[in-house]
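Chemist: Pasting in a structure now, in structure tokens, and then I'll have a few things to ask.
Here, each number is a calculation from the coordinates, and none is a lab measurement. Remember, predicted model here, so these are calculated numbers, not experimental data. Heads up, the Cβs are rebuilt from the backbone with ideal geometry, glycines too, and the neighbour counts pull from every protein chain shown.
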Amino acid sequence: MTKISILGCGWLGLPLAKRLIEKGNSINGSTTSENKLPILKDAGINPFLVALESESVSESINVFLAVSEILIIDIPPKLRTVNPDSEKKTFVEKINNLIPFIEKSSVKKVLFVSSTSVYGDKNDLITEETNPNPETESGKQLLLAENILQKNKTFETTILRFGGLIGEDRHPVTSLSGKENLANADAPVNLIHQNDCINIIEEIINQAKWNEFFNAVAPFHPTKAEYYTKKAKEQNLILPKFSAEKSNIKKVISSAKIETVLNYKFRLEDY
């Protein structure tokens with residue numbers, strides 16, 4: 001039995017925790033909402049109320065990390081303000097504040113859930129060898145956080161960069177339905193399903209693939225217009241309408257490394 005702490009039992013962290021428990025692991029899970037503690041407990045998770053702030057970390061973090069071998073960090077930067085400069089480096093400061101607590105705990109392996117937004121919108125095939133060039137504040141802070149964790153020699157960190165997250169209860173077509181003059185009609189999609197996210201994390205742990213970088217995007221890249229029109233029809237939604245203007249975005253994220261190193265097969269039927 002492996003003892004694992006999951007910092008952030010939200011849309012991905014909660015079902016991930018359930019899967020890992022099913023496989024015989026002991027899971028500490030955190031939330032920032034007190035009313036979610038019973039939900040975690042009912043799922044067999046040891047629940048903790050943990051908040052990372054730019055100035056401090058909840059005192060419960062010591063017990064949360066105390067006997068764990070692996071820490072999974074799955075917390076978003078949340079920098080969607082009108083003036084993101086007002087929150088500049090907030091996420092990075094949170095990670096910096098977390099580091100001393102990891103260092104003095106039993107954690108020796110860290111898996112950091114990041115995003116392919118660290119690459120920006122380059123017009124080519126993106127692999128793990130591509131130099132990151134984030135364009136958004138969120139992407140910039142994720143990249144800084146990646147570097148902080150990877151450079152720390154007290155523990156080994158694997159960075160997992162997910163594409164656009166989708167699942168049964170989460171799909172962009174819902175918000176795009178009925179909208180008009182949408183941009184980037186011919187840009188390729190770079191998506192990953194919740195099921196693949198969970199399976200890949202499980203494989204990284206099982207195969208002990210630490211000190212690695214992985215891009216995680218399904219090898220499935222139709223244009224946005226093709227894909228979202230198809231999904232809207234399947235769900236009987238009002239079709240989105242795209243602008244006829246050509247897009248400069250041709251970015252395709254490759255997951256060849258995951259397929260090769262982990263011998264992983266994506267569940268394309270979910271898409």
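Chemist: With the dipole of the range 133-251 worked out from charges on the C-beta (+1 for Lys and Arg, -1 for Asp and Glu) around the Cα centre, which of N211, V189, N147 lies farthest toward the positive end?
Modeler: The residue sitting farthest along the positive end of the dipole is V189.
Chemist: Mind ordering 128-134, 90-96, 247-253 by average Cβ neighbours within 10 Å, highest first? Don't jump to the answer; show the numbers that get you there.
Modeler: Values: 128-134: 14.1, 90-96: 19.3, 247-253: 16.7.
By packing density, highest mean first, the sequence is 90-96, 247-253, 128-134.
Chemist: Relative contact order, percent, of the chain when contacts are C-alpha pairs under 8 Å separated by at least 6 residues?
Modeler: Values: 524 pairs, mean separation 45.5, N = 271.
Once normalised by length, the contact order is 17 percent.
Chemist: Can you give me the Rg/Rh ratio for the range 143-201, using Cα atoms for both radii and the Kirkwood formula for Rh?
Modeler: Ratio of gyration radius to Kirkwood radius for the range 143-201: 1.13.
Chemist: Suppose only helical runs count, i.e. DSSP H with n ≥ 4. What mean residue ellipticity at 222 nm does that imply for the chain under -39500 (n - 2.57) per run, divided by all residues and rounded to the nearest 500 deg cm²/dmol?
Modeler: Using -39500 (n - 2.57) per qualifying helix, the result is -9000 deg cm²/dmol.
Chemist: Sticking with this one: Treating the beta-carbon of each Lys and Arg as +1 and of each Asp and Glu as -1, no other charges, what is the dipole magnitude of the range 96-229 about its Cα centre, to the nearest 20 debye?
Modeler: Once rounded to the nearest 20, the dipole reads 520 debye.
Chemist: Can you list the trypsin sites (Lys or Arg not before Pro) in the range 126-170 that are in a DSSP coil and have 11 or fewer other beta carbons within 10 angstrom?
Modeler: Working: sites: K140, K151, K153, R161, R170; in loops: K153.
Counting only loop positions with at most 11 other Cβ atoms within 10 Å, the trypsin sites (Lys or Arg not before Pro) in the range 126-170 are K153.
Chemist: Indicate, rounded to the nearest 5 percent, the antiparallel portion of the DSSP beta bridges found entirely in the range 37-189.
Modeler: 15 percent
Chemist: Multiply the residue separation of A66 and Q207 by 0.36 nm, subtract the distance between their alpha-carbon atoms, and state the gained length in nm to one decimal.
Modeler: Extra length available between A66 and Q207 comes to 48.4 nm.
Chemist: Moving to a separate point now. With respect to the cross-link table entries K122/K153; K41/K153; K36/K233; K140/K224; K230/K265; K122/K257, which display a Cα-Cα separation exceeding 29 Å? It would help to have the intermediate numbers written out before the result.
Modeler: Values: K122/K153 32 Å; K41/K153 33 Å; K36/K233 35 Å; K140/K224 25 Å; K230/K265 24 Å; K122/K257 19 Å.
With Cα atoms farther than 29 Å apart: K122/K153; K41/K153; K36/K233.
Chemist: Report the charge-dipole magnitude of the chain in Debye, nearest 20, computed about the Cα centre from +1 at each Lys and Arg Cβ and -1 at each Asp and Glu Cβ. Walk me through the numbers on the way to the answer.
Modeler: On the way: 33 positive and 34 negative charges, 32 e Å.
That gives a dipole near 160 debye.
Chemist: Expressed as a whole number of Å, what is the distance separating the alpha-carbon centroids of the range 222-268 and the range 131-205?
Modeler: First find each Cα centre; the distance between them is then 14 Å.
Chemist: Can I ask one more? Let's see if you can work this out: charge +1 on each Lys and Arg Cβ, -1 on each Asp and Glu Cβ, no other charges. What is the dipole magnitude of the range 192-271 about its Cα centre, in debye to the nearest 20?
Modeler: 440 debye
Chemist: Still on this structure: Viscosity 1.002 mPa s, temperature 20 °C: Stokes-Einstein D of the range 198-271 from its Kirkwood Cα radius, in µm² per second?
Modeler: The Stokes-Einstein estimate is 144 µm²/s.
Chemist: Of (1) 122; (2) 140; (3) 158, which one was derived for volume of the Cα convex hull per residue in Å³ from the structure shown?
Modeler: From the options (1) 122; (2) 140; (3) 158, the structure gives (2).
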